[in-house]
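Data block below; observations after.
Readers should treat all values here as calculations from the given coordinates under stated rules, not as data from a laboratory. As the structure is a prediction and not an experimental result, all values here were calculated from the model. Here the Cβ positions follow ideal geometry from the backbone for every residue, glycine too, while neighbour counts run over all protein chains shown.
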Amino acid sequence: MRIQCLKGAALALVFPVCLHAESVGINFNSNRDLSAEILPDEVAGHPDVAQINWNNTNGAASGNESNLIGVAPGTVIDSNGVATGMTLEWGSNTTWTTNNGTSSGDNKLMNGYIDNTDSVSGSTFVRVRNIPYASYDVYLYFGSAGNGRTGSITVPVAARVLSYSTNSQQAGGFPGAYLLTDDRDSGYPAANYCVFRNQTTSLFFAGFNRGSSNSGCHGIQIVSNAPPPDADNDGLPDGWETTNGLSPADDGSVDASNGPAGDPDADGSNNLEELTRGTDPQNDDSDADGLIDGVETLTGVWVSESDTGTNPAVPDSDNDTLLDGTENPTLPYDPNNPASQPGTDPNLNDTDGDAVSDGEEVTLGRNPTIPAEDLGVIGDIDQGSLRFQTEGVGGGVPPVLIFPPDTEMALYDARGNLLDQNDNIFFLFDTNSRINWTPPSAGRFYIAVGVNNTVFGEQFSVTTTANRTGSYILYIDRLDESGNPADRVDQPVSFIPAGGIDWWTFSITNLRSDLDGDGITDAVEDQYSCLDKNVADADEDPDGDSLSNSAELGLGTDPCNPDSDGDGLGDGVETGTGVFNGTRDTGTDPLVADTDGDALGDLEEVQVGTDPFNPDTDGDGSPDGEEVSNQADPLDANSTPEIFTDPIVSVDMTNLDLPNGAAVNSVANPGQAGPFTTLIGQVEAASHPANNNPLVQIQGLSFDGDKMTAEVDAPTLGLVGNQTYTVRAWVFNPAFGQEEAIVSWGRRGGPVGTNSGMHQGTNPTFGAIGHWGGGPVNDLTEPDVGWGPNGSGSDILATRGRWAQLSWVYDGLEDRVFIDGEFSNSEEHPNLLNVHTSYNDGNPTLVCLGSESDAGSVNSAPIPFSGTIARVEIFDSAWTDEEIQTAFLQEQPYFFDGLLPSVGDPYQFVVSSPDSGETVEFKWNSSGSEIYTVVASDGPEENPDPASWAPVAGLENLAATPPLNTHSIARPAGDLRLFRLIRTFGPPPGPPLDGTSPERALPLGTVPAGALVLDTQGSLVNDTEIGFYDAEGNGIDNNDDVDDLGLLSRISVNLAPGTYYVATGAYNSLFSATAFGVTAPLGVTGEFTVNVRVGTNNAAPPSLSGSGVNASGPLWFSLVVE
């Protein structure tokens, strides 16, 4: 059973005050106390929106969704436990904890937090992307280890900054201690949470700003504003009723059991209470703890057996490993049957307050209602070895002895594993006990002490047959490097009862040595030459980058290097927020020299003016770095690198769609060389499977002694002399010899360096390139080239019997060859190449496919190719290694996995497969309120119109999640060859929807055609004016103010279907009748709100609302009427 809303989790409510459809909660754990992980069934969050299934971080100070732990690690789930597709990112200097402990979900939520120790605003932040809700509220929980610390929260999408004075240090007082701030005037009220309502963007960012001292974020909750369906209006959501065997069409008037007051399981808790508390209305003991739901009143206080105060949805309310039904403080502890009658309180983890939980004490055989002996924290894991030693100090009766007791001792971890034991230090001469031990980790540990004839076993199993008593001292010493006592930790005196065992417990922490007490451990300071573990230097800035040492260590930057990633920007200006706010706050990653990976460094992006977070700023399909390196303008979509736009040869045989074996006499070539025609033999269509997907056949042309030539001769194309060029080819060859020519120009016969041919062959000297000159590999006067390794040529063997991408680059000095985008070999040929311009018969040389040419004429086919050629490209410039790899990666999905991405679209639609075809991933740029559908075809040549292709299941009518949509599905069945993206609704990609113009209008949503009332109630601007326009910019109505709203505005309209626009402004705004003409006062920083009410009733609840700020003029909203 899944609950949809829990309200007043700490109160025995009869009726819920609110009900929300679903929500997403993120709990920021601290690495100082990972026990504060909120369990899946634990309820947490403000009572208005309390939920289960919280996401928990792993205690990292900075991270993303991969740092989430729990039932769905690495995945953001909602309150129903369902994956959302949301992504999460946070950053901070460190983590810390309050004193709230872990006694409830709310106290866990308000325990750990990501801490802001830096004066840089927003250095602690939370960013959530791909939020699936059309409208939602955001609850932010914040605080610190000390109350009264000032700070503020900045939320750009809400254009709001809220101040607070921390108040989360409540010694476990939640949820009753929640305090709200909505202060926008730096009043710093005492608070520990705030709410940003009615958000509509798919991205939410909150920055936490340090005030008087450190504070940070405990958690974030994103709550959908869509109420769950309730057909019978009985307060019970339809989905909940159906899941739990109740009728969603009966409010109890037909069968009382179906209504909110019904109690079908007769447990004393009606259906509405069962919904509120998250219990099962068909099961009288939902959590199977031995107590019926009705007596578990959720107050946290035991009153009686009919009012236990426990949680009816959690079998162990106090998390002490004892079921609620076994714990009853009105019954005495039964030593003969402690597991069934421990005498403990089910609401208290440690009934006797001895720092040992009730369940642990029962397991250890101790009375959980009597305080145990806790030694507390006795050391850190880095402080070396400890010695535990008992020393008897007297005997007892029976019998009366003058000798001290013969003690025996054992050491256990918290799980009951026996770590070590000792009987006598020196048999007969020293009957005391001693254990030398080096703590392996932090945690709780136990010592058991008995007299002789005690047997220690696993799982805290200790038995003794001795009927003796005795007093003893337990010495605890820290040992030096030689194993000798150096520092006494404790020496308590205790007594062993007759026939009994004396138990101790203690803790080891994970705190590290910090000699100077500056919060940076000695081990860390030893790693950096600019830090001194003997001097408190956490707040110093030795590298002068405006970041303190502690801040740098929190970010992961080098405190001794002002530019940790070497990109030319100081660490202090690379704030890592993902938002560029000028050269003093670039928002880039201080640990990555090229934040967006576009081969243009972060400093270069700032200098050029490109977006350091978008690898293709102008959206033309070419990365910014590639455009800059090739003298194109990365800010102009019409300016692209010539290297990709003007090829000499660009033949693609994959789309011929001919039956295998069909003769092909001509192939189109949009490049400068013109079409290719068959000169020798018969070239035929042939298909071979994609490398990792046998269901997809990729077509090409089969050569075997055949030859095709280009229409335009090589000299005209500039392929003569020492010309630079880049050659690329996709080939399939099951068995090739020493040299087989794929593409060539010039001619054979010498002299040295007068031929150019790209080969697929095994010869270590000329298996890759033929220039005529096949001498020793290291002879610079012999220009032929083999595949790598140099002198071996064995790299090429891996391409047999599969599709392979072979590339060759000549830059005027050096030949470089590549296999599947990876460099294979190179040779320099200074002043050697001078490719022939004509054959001996006087005709100009031609570009040839499938073979080279002898000296006499083109009518020859030496070193013929014996495989299939799918694509060939020749460019008149030398590509870089990065460009070779990029081009390969763009084509790899098709030839390796049978997946062909759409090309040339402004959305940069990319299809890929990370697991050889089993899963297909789709990614594209998205914008505004657009809706997308992915379609596919197995015969794009017969049906070239993507609008008529079949939608891909699971990828229909997808809402935009700006700036990027990413989706993953199992590979569809069938021989799909081409995927395309269809935009089915909304404006084209454009600027962000910030309300600064009609084109950027904030979307209000959709309402039915007919009468509507629009007003500005709720605006923070005291005197508003409003104008209303149709889609062509024609004014329909406007209003200054109305009597019943004071200085606020209202208009009433009757609308046909269409898109309309609302403009809001402060007093003295002017509304023109045409062309969206609105003039509004500038510098207005208050928030405008527009409400849309369906019908003519001014007092009806609004159907839609939207809010925003525009200090530069009127604020625009859009409204869709259907």
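Cα axis of helix 881-897 to longest principal axis of the chain: angle in degrees, 0 to 90, nearest 10?
It works out to around 80 degrees.
I'd like the distance between the alpha-carbon centres of the stretch 59-123 and the stretch 666-696, rounded to an integer number of Å.
Going from one Cα centre to the other spans 55 Å.
Quick one: net charge of Gly70's neighbours, Cβ under 14 Å, K/R +1, D/E -1?
With Lys, Arg at +1 and Asp, Glu at -1, the neighbours total -4.
For the stretch 716-803, give me the percentage of DSSP beta bridges that are antiparallel, rounded to the nearest 5 percent.
So the antiparallel bridges in the stretch 716-803 amount to around 90 percent.
Please give the length that would be gained between Asn31 and Thr677 if that part of the chain were fully extended, namely 0.36 nm times their separation in residues minus their C-alpha to C-alpha distance (nm, one decimal).
Separation in residues times 0.36 nm, less the Cα-Cα distance, equals 225.6 nm.
What does the C-alpha gyration tensor say about the overall shape of the chain? Classify as rounded when a/c is under 1.5, otherwise prolate if a/b is larger than b/c, or oblate.
Here the chain falls in the oblate category.
Please name whichever of Ala637, Ala950, Val449 sits farthest to the positive end of the charge dipole of the chain, dipole taken about the Cα centre and charges placed at Cβ: Lys and Arg +1, Asp and Glu -1.
Among Ala637, Ala950, Val449, the one farthest towards the positive end of the dipole of the chain is Ala950.
How large is the translational diffusion coefficient of the stretch 181-221 in µm² per second when you combine the Kirkwood radius over alpha carbon pairs with Stokes-Einstein at 10 °C and 1.306 mPa s?
128
Output the peptides 197-206, 548-557, 65-74 sorted from most to least packed, where packing is the average of other Cβ atoms within 10 Å over each peptide's residues.
Result, highest mean Cβ count within 10 Å first: 548-557, 197-206, 65-74.
For the stretch 812-882 and the stretch 199-272, what is the centre-to-centre distance using only Cα atoms, to the nearest Å?
Cα centres, the stretch 812-882 to the stretch 199-272: 70 Å.
Filter the trypsin sites (Lys or Arg not before Pro) in the stretch 511-587 down to the DSSP loop ones having no more than 15 other Cβ atoms within 10 Å, then list what survives.
Answer by residue number: Arg512, Arg584.
Could you tell me how many cubic angstrom of Cα convex hull volume the stretch 374-509 has per residue? Can you show the working numbers first?
Working: hull volume 13.1 nm³, N = 136.
For the stretch 374-509, the hull spanned by Cα atoms encloses 96 Å³ per residue.
Using all Cα-Cα distances in the stretch 23-224, what percent lands in each 5 angstrom bin from 0 up to the longest?
In order of increasing distance, the bins hold 1, 9, 18, 23, 23, 17, 7, 1, 0 percent.
What is the packing order of peptides 731-744, 1062-1075, 491-504, taking the mean over residues of other C-beta atoms within 10 Å and listing the highest first?
Details: 731-744: 21.5, 1062-1075: 18.8, 491-504: 16.6.
Ranking the peptides 731-744, 1062-1075, 491-504 by packing returns 731-744, 1062-1075, 491-504.
Place the peptides 763-771, 1082-1090, 567-575 in order of packing, highest mean first, counting for every residue the other Cβ atoms within 10 Å and averaging per peptide.
Highest to lowest by the protection proxy: 763-771, 567-575, 1082-1090.
Quick check: Cα centre of the stretch 1025-1098 to Cα centre of the stretch 483-545, how many Å?
With the stretch 1025-1098 and the stretch 483-545 each reduced to a Cα centre, they are spaced 66 Å.
Taking the Cα centre of the stretch 649-893 as origin, sum charge times position over the Cβ atoms of Lys and Arg (+1) and Asp and Glu (-1), and report the length of that vector in debye to the nearest 20.
500
Net charge around Gln760, counting only other residues with Cβ within less than 15 Å of its Cβ (Lys, Arg = +1; Asp, Glu = -1)?
Overall, the nearby charge balance is -3.
Among DSSP bridges having both ends in the chain, what percentage is antiparallel? Round to the nearest 5. Walk me through the numbers before you get to the answer.
On the way: 211 of 226 bridges.
Of those bridges, close to 95 percent are antiparallel.
What is the magnitude of the charge dipole of the chain about its Cα centre, with +1 placed on the Cβ of each Lys and Arg, -1 on the Cβ of each Asp and Glu, and no other charges, expressed in debye to the nearest 20? Can you show the working numbers first?
Details: 39 positive and 163 negative charges, 200 e Å.
For this selection, approximately 960 debye.
Restricting to DSSP H runs of at least four residues, report the calculated mean residue ellipticity at 222 nm for the chain, -39500 (n - 2.57) per run over all residues, nearest 500 deg cm²/dmol.
So the helix-based figure for the chain works out to -1500 deg cm²/dmol.
Could you give the nm distance between label points at Ala288 and Ser666, where each point is 7 Å from its Cα heading toward the beta carbon?
Modelled inter-label distance: 7.7 nm.
Note down the net charge around Gly737, summing +1 for each Lys or Arg and -1 for each Asp or Glu among other residues with Cβ under 15 Å from its Cβ.
-3
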